[in-house]
Each structure stands twice: as structure tokens, then as C-alpha cells.
Amino acid sequence: MQNIVKEMYDRARKAFEQVEFWPQEKVDEMVAAVGWEWQKDGTSRALAKLAVDESGIGVYEDKVAKIKAKTRGSLWDMRNAKTCGLIKEDKKRGIKIFAKPMGVIANVVPCTNPESTICALGVNILKTRNAMIVSPHPRTQRSSYLTVEYARKALKRIGAPEDLMQCIKDTSKEKATELMRVCDFAIATGGAALVKVVYAAGKP
């Protein structure tokens, strides 16, 4: 189990190192490509249907709308955000602030939103030149995996490293804990049980 998670991390780290010093224009192209793929009508419908079928939670039409709204909203909110190189300068005080990516981020997603959580966080993680490994909920593994596969397709299309986006197969609490332990940062969306898992990983 540890070997699988570590192998994914190593691949993500290698992909991250390829984009770590990309200029803003290239990063924005990458973000737009992935965001566009996720919010497309065919994509959002396929993801919504699978999510509802797997989880038994939510309304199909509402999920389609949510995937589109979350993705487009995230893209809109950060459309002019600087995330590469010099992002702020205080000439009076002689201070320059440079954006620095974190590395590989573990994203533990819930069964309630196994697709839109990935979309909303994914475009932000790419915008800041980080890699993401998704740990899906056991009930909605295929939904989360398919969401990541669409992102990988978009990354490949523009020549960006596909391993910036990965998803664990055959998930478990142990794999989620191991993922958060080995990654550089962890994001987790869920309830009380997940809080315990995050704290056990040592990165609350």
C-alpha cells in the first residue's frame, strides 16, 4: 500500500518540478484547458450521472449545474490573480513578494460532491503550480477517478504533465492517511470521521 502511494507521489513531484517555474501565461493556459474540459456540457453530465448513481445522493440536474458553476466561478474569481514570480512590491519599504508553490497536495474528497470538489479545488491547485492527488470516498471512487481523467486528458492536449492530476484507485482510510502523510500539504472535505483521519496524518 505504501509503495502505491509513494509511487504516485514521486510521479506527481516530477510533474510539479516541470511546472514549478512556468510563467503566468503558460499556467493560465493550463488552468483554462482543464477548467474548460470540466465545465463542458458532455463532461458535467457524465460526471453528474455517475456521482448520483454511485452515491444515491443529490439530484442529477442540480449536480450538472453545480459542476459548471463551481468550475466557472473558480476560474472567474482568479482570472487576474498573479500566482507566478513577483506578485507584489512595496517600493517604499523595499519589499518584494514572490509566489512559491507548495508541491504535491493531497485532496480528500467526500461522497456528497465527488466531482465538483475536485473541479473547484483542482483549478486553484493548478493555478498555483501545484500537483494534486485525489483520495476518493469509498462510495464514489469511479466519479472522482473519472473527474481526474478528464483533467489529465486536458493536460495532455496542451502538452502539460498529466501526473499533475492523479486519483487513488481502490481507496481506503489507510491509503488516505498515508497520502496525507507523504504529501506536502493536505486538503480534506468531510465530517467528524475525516477530521480524525486528517489529525492522525499529522497535517490538520
Practice task
Determine, for each peptide in 108-117, 72-81, the mean count of other beta carbons within 10 angstrom over its residues, then list the peptides with the highest first.
Solution key: 108-117, 72-81
Exercise for the section: Determine the share of the stretch 1-115's accessible area contributed by carbon and sulfur atoms, expressed in whole percent, with a 1.4 angstrom probe. Expected result: 54
Practice task
In Å and from the alpha-carbon atoms only, list the Rg and Dmax of the chain.
Solution key: 16.9, 58
Practice task
List, in order, the whole-Hz ³J(HN,Hα) value for each residue of the stretch 124-141 obtained from phi through the Karplus relation with A = 6.51, B = -1.76, C = 1.60 and θ = phi - 60°; use x for Gly and Pro.
Solution key: 5, 5, 5, 4, 9, 6, 10, 9, 9, 10, 8, 10, x, 6, x, 6, 10, 5
Exercise for the section: Would you mind checking Lys70/Lys127; Lys127/Lys156; Lys82/Lys156; Lys26/Lys156; Lys100/Lys127 for any pair whose Cα atoms are more than 19 angstrom apart? Expected result: Lys82/Lys156
Exercise for the section: Give me the lysines in straight-line cross-link reach of Lys175: C-alpha distance below 24 Å, same-chain residues under 8 apart excluded. Expected result: Lys6, Lys14, Lys196, Lys203
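Over the chain, with the other protein chains present, what is the accessible area per residue in square angstrom, probe 1.4 angstrom?
Ligands and nucleic acids excluded, the result is 51 Å² per residue.
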Exercise for the section: Evaluate the distance, in nm, between pseudo-label points positioned 7 Å from the Cα of Lys100 and of Arg79 along their respective Cα→Cβ axes. Expected result: 3.2
Exercise for the section: Hey, can you grab everything whose amide H is under 5 Å from the amide H of Ile187? Only 5+ residues off in sequence or another chain; H modelled, so Pro and N-termini drop out. Expected result: Ala106, Asn107, Val108
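The values are calculated or read from the model by the stated rules, or taken from the named source; none is laboratory data. What you see is a predicted model, and the numbers here were worked out from it, not measured in a lab. Methodologically, a virtual Cβ is constructed for each residue, glycine included, from the backbone with ideal geometry; neighbour enumeration extends over all protein chains shown. Protein only, heavy atoms only, side chains kept; ligands, DNA and RNA dropped before computing areas. Shrake-Rupley method; radii C 1.70, N 1.55, O 1.52, S 1.80 Å.
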